[in-house]
Amino acid sequence: MNELSKPARTSTDALLAFSRGEIGRQRAMDALGIGYGELLDRLAERRLPLPQLPKAEVDRMADTMLELLDQAGR
Amino acid sequence: MSRRVVLLIPDAGPLISLAKADRLRLLLAPGLPVVVADQVLFEATRDTRHEDARRIAEFVRAYPDAVLKFRTAVGDAAAARRAAGETGRQKGQGEAAVAELLARLDEITQAPDDPVLLLYEDSDVATKRFVLPGNVHLLSTKAFLVGLERRGTIASADEVWAAIEAAGRLPAPETRDQPAVGGSRW
C-alpha cells in the first residue's frame, strides 16, 4: 500500500460508511473536514445513495405525521 | 377541538437537503408553524458561496410569518463571540441550541401537551440517541416526504429524494450554459 494513497482511501471510506449508514453525518463531516452541503455533493459526484431509514420506520413516522395533521385539522 | 402542531427543525440537515433539491417550500405544505433555532439558521446560511445557503436565507426571508426563528441563549452567546472576533465554525453550538430549544418547548407550543414534529435527516435518526418528551415525535426527511406523498401534496417522495441525491451532480445555475473558459472540445 502506497502511503500517498491513504488520505484518498480514508475519504472514500468515510463517504461509503456514511452512505451505508455505518457512521453518522457529523462523524463523516468531521472525517472529511466539510459541511453537510459539500457532503451531499460528494455523495452525488460518486453516485452514492443518501442513507435512509428502514421502510417500516419511515412508514411509521409518516403515519404519525398524518395522524397529527388530522388532529390539527390540517 | 383541533390541536396546534409545530414542525420543529432542530438541525440544518433537512434545510440543506431540501435546499439542494430546491424544494424548501415543501416545509410549508402541511400548514404548520415551522420553528428553527437561531444558531441552526446561522450555520445553515453563513456560507453564502453555497447555493443551498442562499436558498435557505431567501426562503426564511420570504416566509417570515410561517418560518419562525427561535432566539436562544446559545445563539446569543455565539453571536457575541463572533462580534468579538471569533471566526470559523463554532462546533457544537447548533446541538447546544437544540438542547436549549427542547428545554424551552413550552415557549413554542400553546399547551404543554401540544404535539411537536421534530424533523431530522434520516442519517441522524439512525445514529443519534434521542430522549424526548412524550409530545415530541421524530420525523425523518424521507418520512416527511412520504407523508406529503400520501396527502397528495407531491407525486412521489422517491422523486424528491432522488433530486436531493442528484443535486450535487448538477452544475450550479450560475455556471450552467456558460461557455467554458478557453473553449470546449465538445
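Within region B:113-133, the set of residues being among the charged types (D, E, K, R), touching a residue at least 12 places away in the same chain (Cβ under 8 Å) and surrounded by 15 or more Cβ atoms within 10 Å (Cβ to Cβ) comprises B:D114, B:E121, B:D122, B:D124. With respect to B:A96, is the statement that it is under 26 Å from B:V146 (Cβ atoms) and free of Cβ contacts under 8 Å to residues at least 60 places away in the same chain true? In short, no. Scanning region B:32-55 for residues that are under 11 Å from the mean Cα position of the chain (by Cα) and under 18 Å from B:T109 (Cα atoms) turns up B:V34, B:V35, B:V36, B:A37.
Got at least one residue in region B:41-51 being part of a loop (DSSP other than H, G, I, E, B) and touching a Gly at 6+ places or on another chain (Cβ under 8 Å)?
Yes, because at least one residue in region B:41-51 is part of a loop (DSSP other than H, G, I, E, B) and touching a Gly at 6+ places or on another chain (Cβ under 8 Å).
Right, B:E159: without any contact (Cβ under 8 Å) to a residue 60 or more places away in the chain, part of a helix (DSSP H, G or I) and away from chain A (no Cβ under 13 Å) or not? Yes, satisfied. Of all residues in region B:92-144, those being of a type in the set (D, E), assigned to a helix (DSSP H, G or I) and closer than 22 Å to B:L18 by Cβ number 3.
Among residues of region B:1-13 being within 10 Å of chain A (Cβ to nearest Cβ) and not β-branched (V, I, T), the one that is farthest from the chain's Cα centre (by Cα) is B:M1.
For region A:60-73, taking the residues that are in a helix (DSSP H, G or I) and either at the interface with chain B (Cβ under 7 Å from one of its Cβ atoms) or polar (S, T, N, Q) (or both), the one that is surrounded by the most Cβ atoms within 10 Å (Cβ to Cβ) is identified as A:M65.
Determine which member of the set B:E107, B:E43 is more than 22 Å from B:L145 (Cβ to Cβ) and within 14 Å of another protein chain (Cβ to nearest Cβ).
Just a single option satisfies the conditions, and that option is B:E43.
No other residue among B:T153, B:T87 is among the polar types (S, T, N, Q), over 16 Å from A:L50 (Cα atoms) and at pLDDT 90 or above apart from B:T153.
Could you tell me whether any residue of region B:32-50 is crowded, with 22+ Cβ neighbours inside 10 Å, among the acidic types (D, E) and modelled with pLDDT under 95? Taking every residue of region B:32-50 in turn, at least one turns out to be crowded, with 22+ Cβ neighbours inside 10 Å, among the acidic types (D, E) and modelled with pLDDT under 95. Of the residues screened, B:G75 is one that is crowded, with 21+ Cβ neighbours inside 10 Å and of a type in the set (G, A, S). For region B:60-81, state whether one or more residues are within 14 Å of chain A (Cβ to nearest Cβ) and touching a strand residue (DSSP E or B) at 6+ places or on another chain (Cβ under 8 Å). Yes.
Inspect region B:87-107 for any residue being of a type outside the set (A, V, I, L, M) and over 30 Å from B:V131 (Cβ atoms) and give the result as yes or no.
Yes, region B:87-107 has at least one match.
For the subset of region B:14-31 comprising residues that are within 7 Å of chain A (Cβ to nearest Cβ) and buried (at least 24 other Cβ atoms within 10 Å of the Cβ), which member is farthest from the chain's Cα centre (by Cα)? So the residue we want is B:K20.
The values are calculated or read from the model by the stated rules, or taken from the named source; none is laboratory data. In this text the structure is predicted, and so the values were computed from the model without any measurement. Methodologically, a virtual Cβ is constructed for each residue, glycine included, from the backbone with ideal geometry; neighbour enumeration extends over all protein chains shown.
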